[in-house]
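The values are calculated or read from the model by the stated rules, or taken from the named source; none is laboratory data. Everything numeric here is computed off the predicted structure, so don't read it as measured data. Virtual Cβ from ideal backbone geometry, glycine too; neighbours counted across all protein chains shown. Calculation scope for accessible area: heavy atoms of the full protein, side chains included, ligands and nucleic acids excluded. Shrake-Rupley method; radii C 1.70, N 1.55, O 1.52, S 1.80 Å.
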Amino acid sequence: MRSDLMKSGVDRIPHRALFRALGLTQEELDRPIIGVVCAKNEIIPGHMHLDQIAEAVKAGIRMAGGTPVEFPAIGVCDGIAMNHEGMFYSLPSREHIADSVEIMANAHPFDGLVFIPNCDKIVPGMLMAALRLNLPAIFCSGGPMLPGRANGKKVALTDAFEAPGAVRTGKMTEEEAEDIVEHACPGCGSCAGMFTANSMNCMTELLGMGLPGNGTIPAVESQRIILAKHAGMKVMDLVRENIRPRDIITEKVIKNGLAADMALGCSTNTMLHLPAICHEAGIPFDLRGVNTISDAVPHLVKLNPAGVHCLVDLNNAGGLSAVMKRLDELGLIDPTARTVDGTWADRIARAEIKDADVIRDRVHAYSQTGGLAILYGNLAPDGAVVKKGAVLPEMLVHTGPAKCFDSEEDCCAGLYAGKVVSGDVVVVRYEGPKGGPGMREMLTPTGAIAGMGLDSTCALITDGRFSGVSRGASIGHISPEAAAGGLLAYVRDGDQIAIDIPNHKIELLVPEEEIARRRAETVPQPPKQVSGYLKRYRAMVSSANLGAVLD
């Protein structure tokens, strides 16, 4: 056992003495020692109950003959960190989480690991750590939040972020907004729509690293506790059989995950985290190849914010195994791909599609192509990402004048001051991995645009990124970013920008000679002064199209 390095033999007498201080018996030390990485904290609604998940996981480990040892991981709530300096730290926290788990698991040589995340950057950070360490491992998330009910209708966090724009433009009263405050997020769990947290928890299951239900069983259901116990038991099988994350996450699995991503219309952040995950696994990630998959896969499931259904509806419809069953029927996945409990063929054989309105067939698909697209053109020679499944049909092709802002704050002020009008293409720059630094999410501007009723006539493009809560013609991850000399830095108010999502294009309609003149005459905005972790992050971070990994 790997844990013998810290517990066995004459030279480990002092080590065993320290374990006695923890109350561990010799019988417990004779068993495999499993690290339980729990991101429980009291600031993230999706994490406030993870101590209960951890206790269930530990019970499962003990039932299967192991000794669990729990240690923590930090987490940022993207919703609470949104639209202030806290958002500079959200994406950088992903690397910190991966690094801290690596430190803990190598300083204390565990035999296996169980990861308990739930929200935003915690999930990909832990996936990166699992692949980097390559110890037998399994994931058990905390599960999605149930939707709320306000003003007589089903609501989720999307409604809360769009409420300020609606109130400012008279489309909603302050009393109606307060009802949303009270009821949009009714309890624990990752917020109820296909936002980043649920996208990544679903992706973890699709990549084979979580048991069926990991991405969809609601946080408040007893089935979530049962799932956690099964995850604790299953990690012991993985340890005994020496099955490791890199045995599971292969190129075949990544392609399956991308196909399901397109069918589900997940957050654009999956196009930031999957390259980073592949980087840790040593798997090449072809961003251009994403469109090939998207063009072949129909959009079968449309969850909030793009549609009316929430994660609980997908769970009741059969969950992700049912989605994969549908994709297998269409010949769009490889069912021989491995999971922590067998193959996808095994899961598909047990799956049942219980609601054909939630998990549609090809004939009734929302579109015959997938929910995400990568755009290219002179504005984004290295790519940009859009959640096309959440774009209104009239905005899939759009040409309009640029309205430029050099920060998210400037954009919000401009929106509320009435500077953005119907037809504009809102440009938010210097918000990329280096320019931010930290590639902030532009949820407040996109929420304002939707709340003000401009999402049917205006687009927003940025070298920053979007929350999964964002909807509309919101195009992010523009690479190279403005701070790295990308063309976005040289766009001026009134320039015509052409967006053609079906044909994967985004172009600045300015003559080449004028662009060359601007590059010669214009100095990009100097980077804002930062210190500490952000200073180190800026010095090391790569471009968004590479996953914003640290070099």
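Gain in length, A539 to E176, computed as 0.36 nm per residue apart minus the alpha-carbon separation, to one decimal in nm? Present the calculation step by step, with values, prior to reporting the outcome.
Working: separation 363, 0.36 × 363 = 130.68 nm, distance 4.53 nm.
Taking 0.36 nm per residue and subtracting the Cα distance, the gain is 126.2 nm.
Find, among the GluC sites (Glu not before Pro) in the range 211-280, those assigned to loop by DSSP (not H, G, I, E, B) with at most 13 other beta-carbon atoms within 10 angstrom.
On the way: sites: E221, E241, E251, E280; in loops: E221.
Listed in order of number, the matching sites amount to none.
Any number yet on Rg/Rh for the range 419-551, C-alpha, Kirkwood?
Ratio of gyration radius to Kirkwood radius: 0.97.
Using alpha carbons only, how many angstrom separate the centre of the range 64-108 from the centre of the range 1-54?
That distance is 18 Å.
Would you work out the relative contact order for the range 1-94, in percent, from Cα pairs under 8 angstrom that are 6 or more residues apart? Intermediate results must be reported in sequence, preceding the final value.
Values: 88 pairs, mean separation 23.9, N = 94.
Value for the range 1-94: 25 percent.
At q = 0.15, 0.17, 0.19, 0.29 Å⁻¹, what log₁₀ I(q)/I(0) does a Debye calculation on the Cα points of the range 362-425 give, no solvent, two decimals?
The Debye formula, applied to the Cα set alone, gives -0.68, -0.83, -0.97, -1.22.
State, as an integer percentage, the relative contact order of the range 1-51 based on alpha-carbon contacts under 8 Å between residues 6 or more apart.
Values: 22 pairs, mean separation 12.1, N = 51.
In percent, rounded to a whole number, it is 24.
Provide, in order from the shortest bin, the percent of all Cα-Cα pairs of the range 375-486 in each 10 Å bin, continuing until the bin that contains the maximum pair distance.
Spelled out bin by bin, the range 375-486 gives 16, 53, 30, 1 percent.
Out of every Cα-Cα pair in the range 136-226, what percent are more than 20 Å apart? Intermediate values should be presented prior to the final figure.
Numbers: 1773 of 4095 pairs.
Value for the range 136-226: 43 percent of Cα pairs lie more than 20 Å apart.
Compute the acute angle (0 to 90°) between the alpha-carbon long axis of helix 222-241 and the principal axis of greatest extent of the alpha-carbon atoms of the chain; round to the nearest 10°.
Once rounded, one gets 60 degrees.
Which percent of Cα-Cα pairs in the range 1-89 sits in each 10 Å bin, short to long?
Bin by bin from 0 Å, the calculated values are 15, 34, 25, 16, 9, 1.
Scaled to the compact-protein estimate 2.2 N^0.38 Å, what is the alpha-carbon radius of gyration of the chain, rounded to two decimal places? Could you put the intermediate results ahead of the total?
Working: Rg = 23.3 Å, N = 551, 2.2 N^0.38 = 24.2 Å.
The reported ratio for this selection is 0.96.
Given a 1.4 Å probe, how much area per residue of the chain is accessible, in Å²? Could the numbers behind the result be given before it?
Values: 19710 Å² over 551 residues.
Per residue, the chain has an accessible area of 36 Å².
What list of ³J(HN,Hα) values in whole Hz, one per residue of the range 445-455 in order, does the Karplus curve 6.51 cos²θ - 1.76 cosθ + 1.60 (θ = phi - 60°) give from phi, with Gly and Pro shown as x?
x, 5, x, 5, 4, 5, x, 7, x, 9, 5
Taking 0.36 nm per residue of separation and subtracting the Cα-Cα distance, what length does fully extending A520 through A356 add? Numbers along the way, then the final one.
Values: separation 164, 0.36 × 164 = 59.04 nm, distance 5.69 nm.
Result: 53.4 nm gained on full extension.
Kindly identify the range 1-158 as rounded, prolate or oblate by the Cα gyration tensor criterion: order the square roots of the eigenvalues as a ≥ b ≥ c, call it rounded if a/c is under 1.5, otherwise compare a/b with b/c, prolate if a/b is larger, else oblate. Write out the running numbers ahead of the final one.
Values: a/c = 2.87, a/b = 1.97, b/c = 1.46.
The shape class here is prolate.
On a full-extension model of 0.36 nm per residue, what is the gain between A417 and S8, subtracting their alpha-carbon distance, rounded to one decimal in nm?
Numbers: separation 409, 0.36 × 409 = 147.24 nm, distance 6.83 nm.
Result: 140.4 nm gained on full extension.
So, how do all the Cα-to-Cα distances of the range 295-344 break down into 10 Å bins, in percent, from 0 on up?
The percentages, shortest bin first, are 22, 46, 29, 3.
With everything on Cα atoms, drop me the angle between helix 270-281 and the longest principal axis of the chain, reported from 0 to 90° to the nearest 10.
The angle comes out at about 40 degrees.
Amide H of G383 versus every other amide H placed in the peptide plane: which residues, excluding those fewer than 5 positions away on the same chain, fall under 5 Å?
When sequence neighbours closer than 5 places are left aside, the close amide H contacts are G377, S479.
If contacts are Cα pairs under 8 angstrom and at least 6 residues apart, what is the relative contact order of the chain in percent?
Values: 1311 pairs, mean separation 78.4, N = 551.
Once divided by the residue count of the chain, the mean separation gives 14 percent.
If you fit an axis through the alpha-carbon atoms of helix 122-133 and take the longest principal axis of the Cα set of the chain, what angle between them do you get, 0 to 90°, nearest 10?
50
Which distance in Å, rounded to a whole number, links the C-alpha centroids of the range 408-468 and the range 218-261?
Between the Cα centres of the range 408-468 and the range 218-261 lies a distance of 36 Å.
Using a Cα-Cα cut-off of under 29 Å, which lysines could be cross-linked to K505, ignoring same-chain neighbours fewer than 8 residues away?
Qualifying lysines at Cα under 29 Å: K121, K252, K255, K302, K387, K388, K403, K419, K434.
Which percent, to the nearest 5, of DSSP beta bridges fully inside the chain are antiparallel? Don't skip to the answer; put the middle values down first.
Numbers: 22 of 52 bridges.
In the chain, DSSP labels about 40 percent of beta bridges as antiparallel.
S531 to I43: FRET efficiency via 1/(1 + (r/R0)^6), r the Cβ-Cβ distance, R0 25 Å, to the nearest 0.05? List each step's numbers first, then the result.
Details: r = 23 Å, r/R0 = 0.93.
After rounding, the FRET efficiency stands at 0.60.
Within the accessible area of the chain, what % is carbon and sulfur when the probe is 1.4 Å and the other protein chains stay in place? Can you show the working numbers first?
Working: 10510 of 19710 Å².
Percent of accessible area from carbon and sulfur atoms in the chain: 53.
List residues of the range 256-288, by number, whose backbone nitrogen lies under 12 Å from a label position 7 Å along Cα→C-beta of N134.
280-283
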